[in-house]
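So the structure is just underneath, and the comments pick up after that.
The values are calculated or read from the model by the stated rules, or taken from the named source; none is laboratory data. On a predicted model such as this, the values are computed, not experimentally measured, just so you know. Every residue, glycine among them, receives a Cβ derived from its backbone with ideal geometry; neighbour counts consider all protein chains shown.
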């Protein structure tokens, strides 16, 4: 039984991510969406909110599981007994970085392969940071995320605005995330 891990921060999950998940679910027996907890960036959503959103939007895929992790991806693949790491490639610029990571992972764990999925053309420009920025400036993110995620993004943006107005420094972003 072939198991794949699709890692990322998913802050928030987009139709581009879902396209990769759907396609990977057609290829592999099991797909584990690995939600990365990393302290290098400030996310819009906290860790638990990201996991919950992803679980909601992939609930119709019986062979997809959402699991949180921190630390090295290659160690996570060992823990979940994955055979493959799935990565989406939007542009040539993505490929150079992803190739270096795949080669590093191969050195660390030779039994795990990395498979690149070319992003569908209609999502080639799309990233979580684009969605966040559009939402922060009251842009329409409907074409880029499922309705459930859209609602959560606008709610979170409103929370941040209320925090800025009230001056409550205890609210806001809660921990870091990894790559989009």
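Scanning segment 101-134 for residues that are closer than 22 Å to residue 148 by Cα and more than 17 Å from the chain's Cα centre (by Cα) gives 122, 134.
Within segment 35-47, being surrounded by 22 or more Cβ atoms within 10 Å (Cβ to Cβ) and farther than 15 Å from residue 69 by Cα holds for 43, 44, 45. Please indicate, with yes or no, whether at least one residue in segment 119-133 is in contact with a strand residue (DSSP E or B) (Cβ under 7 Å, 6 or more places away or on another chain) and not in a loop (DSSP other than H, G, I, E, B). So far as segment 119-133 goes, no, none of its residues is in contact with a strand residue (DSSP E or B) (Cβ under 7 Å, 6 or more places away or on another chain) and not in a loop (DSSP other than H, G, I, E, B).
Using the structure shown, decide if residue 10 is within 18 Å of residue 151 (Cα to Cα), at pLDDT below 95 and crowded, with 19+ Cβ neighbours inside 10 Å. So residue 10 fails the test. The single condition from (1) modelled with pLDDT of 95 or more; (2) surrounded by 19 or more Cβ atoms within 10 Å (Cβ to Cβ); (3) out of contact with any helix residue (DSSP H, G or I) (no Cβ under 9 Å at 6 or more places or on another chain) that residue 32 fails is (3).
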